[in-house]
Amino acid sequence: MRSYVLGADSEEELGAWMCRLQCSASPMGGLYSRDAEGSWFRSLFVHKVDPRKDAHSNLLSKKETSNLYKIQFHNVKPECLDAYNSLTEEVLPKLHSDADYPCDLVGNWNTWYGEQDQAVHLWRFSGGYPALMDCMNKLKQNKEYLDFRKERSRMLLSRRNQLLLEFSFWNEPLPRKGPNIYELRTYKLKPGTMIEWGNNWARAIKYRQENQEAVGGFFSQIGELYVVHHLWAYKDLQSREETRNAAWRKRGWDENVYYTVPLIRTMESRIMIPLKISPLQ
């Protein structure tokens with residue numbers, strides 16, 4: 001047997017070498033496998049996270065703000081989608097015109113590709129959980145909202161929501177002019193891997209900033225846990241393909257994909273069209 005000592009000029013080059021060596025050694029001919037995940041060879045080079053006695057929400061979220069986000073998914077009866085959109089566009093702006101209402105609309109969409117006849121809404125609560133509870137208490141006393149909710153319920157097949165925090169290294173989701181399409185990429189991670197995900201994406205996000213496509217990145221706090229949502233904006237499907245292909249030509253992007261894929265249990269992509277009232281157009 002012979003031993004070889006390899007020397008790289010940088011950590012980035014080392015990562016690229018290890019990516020290619022590990023893929024070549026994989027029993028699946030370059031595809032990720034569970035055997036490869038647990039191998040001693042990979043464990044020597046995977047990015048490690050120092051043990052911390054703190055919740056990942058405190059380590060990964062923005063410290064300078066106390067924003068809390070709520071994302072809501074409404075599965076609408078197919079024959080009611082137009083009526084649902086009209087009702088939403090009529091009532092929601094009125095509710096948010098109240099200056100004492102500590103909640104902002106971030107975005108409102110219909111799913112174009114993905115789960116059909118679905119509406120997706122994203123809100124920001126400035127002030128965290130106290131602002132959320134303040135909003136809930138005020139809505140209970142708002143007759144217009146109660147009537148709106150009652151009428152809306154007749155149009156729905158199901159609904160679900162999550163409370164989210166935003167990653168510290170992602171863009172703040174600010175209003176933008178259109179027309180755009182939006183992609184919501186949802187990753188369900190293996191429990192215990194959120195810190196490693198954040199470490200990798202803190203480096204990787206720089207590869208996806210040139211075309212201003214990165215809108216916001218969030219992770220779940222209440223609801224289904226270990227869920228990550230990345231929100232992207234593109235002019236159209238063709239520009240989406242070109243922008244994503246361009247990322248693969250940047251040195252270092254492939255390494256991020258290599259290290260994050262083993263952390264994922266499932267992933268989903270939605271292409272969404274904004275409603276007329278959405279601040280993200």
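What follows draws every value from the coordinates through simple rules; no lab data is involved. Because the structure is a prediction, the values reported are computed rather than measured. Cβ: placed from backbone, ideal geometry, glycine included. Neighbour counts: every protein chain shown.
Restricting everything to alpha-carbon atoms, can you work out Rg to Rh for region 146-257 with a Kirkwood hydrodynamic radius?
Using Cα coordinates only, the ratio equals 1.04.
Debye sum, Cα scatterers, region 193-281, no solvent: what log₁₀ I/I(0) at q = 0.16, 0.24 1/Å?
Calculated log10 I(q)/I(0) at the listed q: -0.76, -1.45.
Once fully extended, how much extra length lies between GLN212 and LEU174, figured as 0.36 nm per residue of separation less the alpha-carbon to alpha-carbon distance? Don't skip to the end; give the middle numbers.
Values: separation 38, 0.36 × 38 = 13.68 nm, distance 1.17 nm.
Here the answer is 12.5 nm.
In the calculated pair distance distribution of region 174-229, what percentage of Cα-Cα distances lie above 12 Å? Working shown, then result.
Details: 1115 of 1540 pairs.
Taking all Cα-Cα pairs of region 174-229, the fraction more than 12 Å apart is 72 percent.
Could you calculate the FRET efficiency of MET136 with ARG185 from 1/(1 + (r/R0)^6), where r is the beta carbon distance between them and R0 is 22 Å, rounded to 0.05?
On the way: r = 29 Å, r/R0 = 1.32.
So the FRET efficiency works out to roughly 0.15.
What is the spin-label model distance, in nm, from SER97 to ASN161 if the labels are put 7 Å beyond Cα along the C-beta direction?
Result for the modelled spin labels: 2.3 nm.
How large is the translational diffusion coefficient of region 95-153 in µm² per second when you combine the Kirkwood radius over alpha carbon pairs with Stokes-Einstein at 20 °C and 1.002 mPa s?
Value of D from the Cα-based Kirkwood radius: 164 µm²/s.
Please state, rounded to one decimal and in Å, the Kirkwood hydrodynamic radius that region 50-281 gives when every pair of distinct Cα atoms enters the mean of 1/r.
Averaging 1/r across every pair of different Cα atoms and inverting gives 18.7 Å.
Hey, can you grab everything whose amide H is under 5 Å from the amide H of LYS77? Only 5+ residues off in sequence or another chain; H modelled, so Pro and N-termini drop out.
Correct list: LEU156, LEU157.
I want to check the label-to-label distance for ASP236 and ARG203. Put each point 7 Å from Cα in the C-beta direction and report it in nm to one decimal.
3.7
Highest first, please rank the peptides 269-281, 184-196 by the mean number of other Cβ atoms sitting within 10 Å of their residues.
For the peptides 269-281, 184-196, the packing ranking is 269-281, 184-196.
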